[in-house]
Each structure stands twice: as structure tokens, then as C-alpha cells.
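Engineer: After the C-alpha cells below, expect a handful of questions from me.
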2 protein chains.
Amino acid sequence: MGKRHISLKDLAQELGVSISTVSRALKNHPDISPEMTKKIKALAEERNYTPNPLAMGLLRQQTKMIGVIVPDINTHFYSSIISGIEKVAKEHGYFIVITSSNESLEKEIESVENLIKSRVEGFIVCLSQETNSYTHFEKLIKNEIPLVFFDRVSEELDVPAVLADGQDATKKIIQHFYNNGCKRIAYISGPEHLNISENRKIGYLNGLNECGLPYDKKLLVHCNLSIEDAKQATRKLLRLKNKPDAIFGMNDTIAFAAMIEVKKQGYKIPDDISLAGFTDEFHSIVVDPPLTSVSHPTFKMGEEAANLFFESIEKGTANNKKIMLPIDLVVRESSVKKN
Amino acid sequence: MGKRHISLKDLAQELGVSISTVSRALKNHPDISPEMTKKIKALAEERNYTPNPLAMGLLRQQTKMIGVIVPDINTHFYSSIISGIEKVAKEHGYFIVITSSNESLEKEIESVENLIKSRVEGFIVCLSQETNSYTHFEKLIKNEIPLVFFDRVSEELDVPAVLADGQDATKKIIQHFYNNGCKRIAYISGPEHLNISENRKIGYLNGLNECGLPYDKKLLVHCNLSIEDAKQATRKLLRLKNKPDAIFGMNDTIAFAAMIEVKKQGYKIPDDISLAGFTDEFHSIVVDPPLTSVSHPTFKMGEEAANLFFESIEKGTANNKKIMLPIDLVVRESSVKKN
DNA sequence: TTTTTCTCCGCAAAGCTTTGCGAAAACCTT
DNA sequence: AAGGTTTTCGCAAAGCTTTGCGGAGAAAAA
């Protein structure tokens, strides 16, 4: 059950003074005499008094909670971002309530409603894969509830957001492939309505263009973000009469699925087919061959998202600032052909 | 800023009735006439009223929050367990506040204190690697604050806990190695004071014994759970004049670190050295060769931990039940020698 | 008509904290 | 000694909900 926490009332009774006196003493109010203050503080210390956050919340109308909605909590990508959010939240005396939409619009809407009921003071969210309707977020904006997006954003909503420069990173990868002798570079993308898919597509096309490579639309395939669908997409590429000599996968799951499938069909990486993905260091190193990838600044992304959140909570409805994080290319064996 | 939420008072004023009437109507109290009830409910619906959890919490002396402390939030292992906890917490109308100890005792203690200040109703925790002192938990027990452990537990504390049968799983792995012709099986363990390290050590010794293999203490090495230290431990094994022909790594990080190091030194897996680890499916499949491992029932573990928590919150101080989850061996290429 | 019995609703307290304002006591000033 | 200041503290309200108890009015019984 847990014994009741000690309250100001308890202290006041024990000392035979009023609650207000105790409250003031604890915050060094000049109205209270030094001796009284000292006595009260000593008892508070001894009894291990800490103010009741519910009472404070009720009074100040704030819960010090941030609702965080991610598509999936079980990946390093999101858990690392969450760590970043949590760090700066803690610095501000806030804590975060995490929910997962499981890439489902329905669960995302449900999460927003539940968190509102819990009286979170605002939201930090990464859109689900399915999300193509935004009324649940528009409602938040109308009610001036702070909202910031990260990674996946909506073009339709003007909301503070932190993004990674996937367009530039993708271009770098294409150029890197080209410099290593690749001519037919494939791109396995995610759902088309996702901003990150489209950004990287632009980077892909720009990269091809700058390298003087033609755009073959057969080399651009889409998949939802499951490992099975990604393998399917890879097989589609490998069935082409005119096969790709390089594949770029839009995220962790896709890159690894592609790697598995390519190896399974007997192609050598990187000599037959070069490979690159969007992922973090640990996974890239563990696979064989080590995967060339871009280093997504996940922790930093979480920090920046939280910073944006506190800006908007402090300055009221903020200028819907967008932050673009640079992404670096990290070349490993999977894309450096030996012959 | 966020507009103020609607309260019973608002509804009462608008309807010209008392707050108590509104409150009762909303919960179908027989004292309120049907027409009045209907009118009130209609307005509540229209104004989108939801009860204020802070006020409720203050009244009932409960926050509906569970403090969860994990050594590390950035791994699939823990995030999957957290998902399990979160699922059953949500079913009970609770939400969870997650903090990471970063494998540090100091941060673990700090987390306990902060969560207590936040008035969580209890704790679900996995001990940090460093934890060898338990006063911060004894304090909880003394105050009858619900506490349940998972995976890593303390022998000194009698607390409800959910464990995985690492002893049995390790024995199975040793037997599997033996059946595949391995004679010198090494075990890279974690810190000695961790119950999971010791359990698996027992399984290791039992396994050797049952297979009629001698125990060579040089084949049992320890490391802390960092990737660098695990590589170091692997190198130590590979430097032996009488090298191992199989290596079992106690967790994800260790197994992968060993794999990297073994390959780096030019040994073939599994033909020169077989490998097996404790990890989850996704990672095991992605590496090359696919890693033989035991399937840690992470999600289930989280669910069971939360169940234990609610048992102890409902029945007061519960019978400190322990739940042992079975672990299955999943054989993949890394341990099946071809010659 | 008077008394009894329901029906339907409001008062107030409790849970905890902060803070404006009022008040008692002590001190100082002429 | 009398009026003025200062020091030191308490009352009460607000923030929101639940719930025991009491009360007003109406309907039913006598």
C-alpha cells in the first residue's frame, strides 16, 4: 500500500504552528523568524518531507508531463531519441510519458486522447507510417497545446519540428556509390506519403542527376517498413533483367532485410551489389560486411525536439521553428568494391 | 499554454446546479433524477469533460504511476520488456515512468529518490550492473512500497521477481555444442555478483559435467557489459595456447563483440570456433553467420513483472512470488559445424 | 389537515499547497 | 504613556473531485 507521504499539515501539527508558516519557512520567506525557519527545516529534513506534486499540479494547473508518441519503441532509433528527450525533460523538471502508435493511425489518435486525459502539458511526436489525416493534431493546435514533431512531419501542419537532412545524406550516398563505380543504383523507399521517403527520393534524383546517371524508375521501389515487405522489395529488384549494382535502403530494417536477401541469393557484397543504409553505428558494425550508412543523430534529435518543446511552452505559441540536423556519411566495407 | 480543462464546476455553473449534482449524475447515482442526469451528461459530452487526474489522485492518494528502472533503455532487450510492462499497466489504467540507471548504482539510487518524490505507487526494476548495496530498496520495503524485480535480482532481498531460466538455457547450449563436436567450450560471463552471471555459470558447469567435459577455468572469463571489454575478453580466450572451439556469450553485446573479434582474427565461424549467445531474434538473423541463441522471452517478462506488481499492489504486501520463465534454444548456423 | 416518507439536490470536508490579507504582539518614538 | 512600526504568524480561498449528511419540497398515508 505504501504509507502516506508526510505533508505540511503533519509538520505543522507536530510543531504546533500553522500550515502557512511551515510552507513559508521552507522557502525562506522573510516573514518567518530565523529560529522558526530553522526548526521547521530541521523537522522537514528529518521527516523527509517532499512537496506533493499532485497538490502543486492542481494549484498551478500543470502536470510537468510531456506526452511522447513514437511509431515503435522497440528499435534503437526511437529509444535513442527518447533518451535525448528524457535528458532535457529531466533538466526542466519534467518527465515523459511514452506511448507507441505501432505505426497505426488509429492507435496514434487513441494515444493523443489518452494523453490529453492524463493532462500532459504538450506533445512530442513522430508520425506513424499510416498517418494521412491530421484532425487529432489540429485540435491540439487550436487549443494551443504545445506540439512538436521530429523526423516524420506533415506538410499540411505548420508545427515546430526537428528533421534530419535525409535529402543531402541520400545525395552523398549516391555520389559515393558513383565514385565507386556503380551505375545502376536502386533505392528502396518507405511509404510515399511520408516526408522522409520523399525527401530522400529528391536526394536520390538529385544525386543521380549530378552524377550524370539516368533515372530508371524500375530501380525505385517502395515498401512498408516491415522486414518481410522489405525483403519482397529486394527480390523485386533482383528479378530485374537489368539488375542494380547498388542498393540504398531507407532505414535500418530495410537495409538489413536487403542484406539478408542479397546474400541469400548468392550475390557478393559489395562486389556484385554495393549496399548502404540509414542506421546507427552498433548495428552497422555487427553485420557482415559492415554496412556503409549515414549516422542519424538520434540522441541529438531527441534533445533538440525537447528544446523546441520548452521554447514553445515558455513563449506561448512559438514561431514554428524547424531545425535541420546534418547527417554524415560513414563509409564501411559494404559499398567499397575491391575490383 | 493550453486552455484550462473543463471542470465539474464549469458544468455546474452553466447548468445552475451544484457541483455534487453534476458529479453524481455523471456516475448514474440514483439520487439524481433521470432528466437531470441526461441533461448533465449531454453537456459533459459536448464540452468534452474528463475528470482531472490530479484532483482524483489527491483525493484517493494515488498517482497511477509505476516507476520503472532499467540499466539501459537503448537496447532491444529492455525496450521490449518495457513494452510488456506498458501493455499490462495500460490495462490497469496505470502509466509508467521510465528511467535508466546507465548501469550505475549512484544513478539507480537517484532514480529511486526522484520517483518517490514524483509519488509513483511502486517500482519495477532491473538492477544495475554495479548494484551491490541495497539500502535504497530496503527503504522501499520498510515503507511497504510495492517493488518487483526482473531478470537481475538480489539474493539478499526477498522481493517478488520474474526471472528467465538462464541456468537451464546455458546447459542446453553446452550440450548442443558438445553434440556438434565441441570439446573446449568457453564462457564469457558478466560481473560475478550479478545473479544472472552466476546462474549461467552453474548451467555452464552442469552442462560440462553432464557431457563429461573437464572444467578448464581458463575458459571462463568475465567482463563488464561493454562492447570493448567483451572484445578484450574474447582476445584473452584467443590468445590461449589451447584455444576454445566454442564460445558462449552471456548477452547480446558480448556475443556480437565476440563475433566481431573472432572474425577479425581470421577464424571461421562455426568451423574453427562455434558461437552462441543470449539475444533476440532480429539481431541473431542479421549477423553473419546467423547466431545460435536462446530466445529470451522479453515481452513476456515485462508482462509478468507488471502482473506481479499489480498483485502486490492489490493484496498489500504479497507473498514474494518468483516466476521462472523457460528459455528455448534456437539453433542457427553459428554453431553447426559443417565438417 | 397533519404527519410520514420519499425524491432530489446542496453543503462541506478532505486531500495538499501557495499566497494575499488581516491581526496580534512586540518594539520604538515622542 | 500613547500612538505608530515592525515582526511574526494564521485565516481562508483557490485548484478539482468525491461522498456522508442534512434539508427542502412533494407525494403519500393517516
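The values are calculated or read from the model by the stated rules, or taken from the named source; none is laboratory data. Here the structure is a predicted model, which means the values were calculated and not measured. Because the Cβ atoms are built from the backbone with ideal geometry, glycine has one as well, and the counts that use them run over all protein chains shown.
Engineer: Answer yes or no as to whether B:HIS176 is touching a residue at least 12 places away in the same chain (Cβ under 8 Å) and out of contact with any helix residue (DSSP H, G or I) (no Cβ under 8 Å at 6 or more places or on another chain).
Structural biologist: Spelling it out, it is not the case that B:HIS176 is touching a residue at least 12 places away in the same chain (Cβ under 8 Å) and out of contact with any helix residue (DSSP H, G or I) (no Cβ under 8 Å at 6 or more places or on another chain).
Engineer: Closer than 24 Å to B:ARG60 by Cα and either touching a His at 6+ places or on another chain (Cβ under 9 Å) or outside any loop (DSSP other than H, G, I, E, B) (or both): does that describe B:GLU113?
Structural biologist: The answer is yes for B:GLU113.
Engineer: May I pose another question? So the check is Cβ under 8 Å with 6+ separation or different chains; which pairs have a first residue in the range A:233-249 that's over 19 Å from A:THR292 (Cβ atoms) and a second one that's hydroxyl-bearing (Ser, Thr, Tyr)?
Structural biologist: Close Cβ pairs (under 8 Å, with a partner that is hydroxyl-bearing (Ser, Thr, Tyr)) amount to A:LEU238/A:TYR267.
Engineer: Does any residue of the range A:122-131 turn out to be more than 14 Å from chain B (Cβ to nearest Cβ), crowded, with 19+ Cβ neighbours inside 10 Å and assigned to a strand (DSSP E or B)?
Structural biologist: Within the range A:122-131 (the criterion being more than 14 Å from chain B (Cβ to nearest Cβ), crowded, with 19+ Cβ neighbours inside 10 Å and assigned to a strand (DSSP E or B)), the answer is yes, since at least one residue qualifies.
Engineer: Continuing with this model, one more query. So which pairs qualify, if the first residue must be in the range B:22-33 and touching a residue at least 12 places away in the same chain (Cβ under 8 Å), the second must be of a type in the set (Gly, Ala, Ser) and within 10 Å of DNA strand D (Cβ to nearest atom), the Cβ gap must be under 8 Å, and the two must be at least 6 apart or on different chains?
Structural biologist: From the range B:22-33, the pairs are B:VAL22/B:ALA12; B:VAL22/B:ALA44; B:LEU26/B:ALA44.
Engineer: For the range B:1-21, give me each residue that is more than 14 Å from chain A (Cβ to nearest Cβ) and either among the aromatic types (Phe, Trp, Tyr) or more than 10 Å from DNA strand D (Cβ to nearest atom) (or both).
Structural biologist: If the condition is that a residue be more than 14 Å from chain A (Cβ to nearest Cβ) and either among the aromatic types (Phe, Trp, Tyr) or more than 10 Å from DNA strand D (Cβ to nearest atom) (or both), then B:GLN13, B:GLU14, B:LEU15, B:GLY16, B:VAL17 are the ones that fit.
Engineer: Return a yes/no flag: does the range B:17-27 have any residue that is surrounded by 13 or more Cβ atoms within 10 Å (Cβ to Cβ), under 30 Å from B:PHE137 (Cβ atoms) and either not assigned by TED's automatic domain parsing to the domain that holds B:ILE145 or not basic (Lys, Arg) (or both).
Structural biologist: no
Engineer: Tell me yes or no: at least one residue of the range A:22-35 is more than 9 Å from chain B (Cβ to nearest Cβ) and away from DNA strand D (no atom under 13 Å from the Cβ).
Structural biologist: Looking through the range A:22-35, at least one residue is more than 9 Å from chain B (Cβ to nearest Cβ) and away from DNA strand D (no atom under 13 Å from the Cβ).
Engineer: While we're looking at this one, here's another question. So in the range A:57-93, with the set limited to residues that are within 16 Å of DNA strand C (Cβ to nearest atom), in contact with a helix residue (DSSP H, G or I) (Cβ under 9 Å, 6 or more places away or on another chain) and more than 7 Å from chain B (Cβ to nearest Cβ), which one is modelled with the lowest pLDDT?
Structural biologist: A:GLN62
Engineer: As an exercise: evaluate A:ILE269 against (1) more than 14 Å from every other protein chain (Cβ to nearest Cβ); (2) in contact with a Lys or Arg (Cβ under 9 Å, 6 or more places away or on another chain) and give the number of the one condition it does not meet.
Structural biologist: Every condition holds for A:ILE269 apart from (1).
Engineer: Taking only the range B:1-21 into account, find how many residues are touching a residue at least 12 places away in the same chain (Cβ under 8 Å) and more than 8 Å from DNA strand C (Cβ to nearest atom).
Structural biologist: The total comes to 8.
Engineer: Would you mind finding the one in B:VAL330, B:VAL286, B:VAL294 that is more than 11 Å from every other protein chain (Cβ to nearest Cβ) and buried (at least 19 other Cβ atoms within 10 Å of the Cβ)?
Structural biologist: Just one listed residue meets the conditions, B:VAL294.
Engineer: Still on this structure, please answer the following. Within the range A:67-81, can one find any residue that is crowded, with 23+ Cβ neighbours inside 10 Å, among the aliphatic types (A, V, I, L, M) and part of a helix (DSSP H, G or I)?
Structural biologist: The answer is yes, given that some residue of the range A:67-81 is crowded, with 23+ Cβ neighbours inside 10 Å, among the aliphatic types (A, V, I, L, M) and part of a helix (DSSP H, G or I).
Engineer: Which pairs do you get when a residue that is away from chain A (no Cβ under 13 Å), found in the range B:132-149, comes within reach of a residue that is polar (S, T, N, Q), reach meaning Cβ atoms under 6 angstrom, with the pair 6+ apart or on two chains?
Structural biologist: These pairs meet every condition: B:TYR134/B:SER154.
Engineer: Among the residues that make up the range A:259-273, is at least one of them surrounded by fewer than 16 Cβ atoms within 10 Å (Cβ to Cβ) and either assigned to a strand (DSSP E or B) or of a type in the set (A, V, I, L, M, F, W, C) (or both)?
Structural biologist: Scanning the range A:259-273 turns up no residue that is surrounded by fewer than 16 Cβ atoms within 10 Å (Cβ to Cβ) and either assigned to a strand (DSSP E or B) or of a type in the set (A, V, I, L, M, F, W, C) (or both).
Engineer: Among (1) closer than 24 Å to A:TYR94 by Cβ; (2) buried (at least 24 other Cβ atoms within 10 Å of the Cβ), there is one condition A:PHE137 misses while meeting the rest; what is its number?
Structural biologist: So the condition that A:PHE137 fails would be (2).
Engineer: In this structure, is A:ILE96 facing another protein chain (nearest Cβ under 10 Å), more than 10 Å from DNA strand C (Cβ to nearest atom) and part of a loop (DSSP other than H, G, I, E, B)?
Structural biologist: It is false that A:ILE96 is facing another protein chain (nearest Cβ under 10 Å), more than 10 Å from DNA strand C (Cβ to nearest atom) and part of a loop (DSSP other than H, G, I, E, B).
Engineer: Another question, then. Could we say that A:PHE278 is closer than 22 Å to A:ILE81 by Cβ and assigned to a helix (DSSP H, G or I) here?
Structural biologist: No, not satisfied.
Engineer: Looking at B:SER226, is it of a type in the set (Gly, Ala, Ser), surrounded by fewer than 24 Cβ atoms within 10 Å (Cβ to Cβ) and touching a helix residue (DSSP H, G or I) at 6+ places or on another chain (Cβ under 9 Å)?
Structural biologist: So B:SER226 fits the description; yes.
Engineer: Tally the residues that are in a helix (DSSP H, G or I), surrounded by fewer than 21 Cβ atoms within 10 Å (Cβ to Cβ) and not basic (Lys, Arg), restricting the search to the range B:82-93.
Structural biologist: 3
Engineer: Residue check, A:LEU43 against (1) within 14 Å of chain B (Cβ to nearest Cβ); (2) more than 11 Å from DNA strand D (Cβ to nearest atom), all met but one. Which one?
Structural biologist: Condition (1) is where A:LEU43 drops out.
Engineer: I'd like the full set of residues that are more than 24 Å from B:GLY203 (Cα to Cα) and within 14 Å of chain A (Cβ to nearest Cβ), limited to the range B:217-261.
Structural biologist: B:GLU228, B:ILE260, B:GLU261, listed by residue number.
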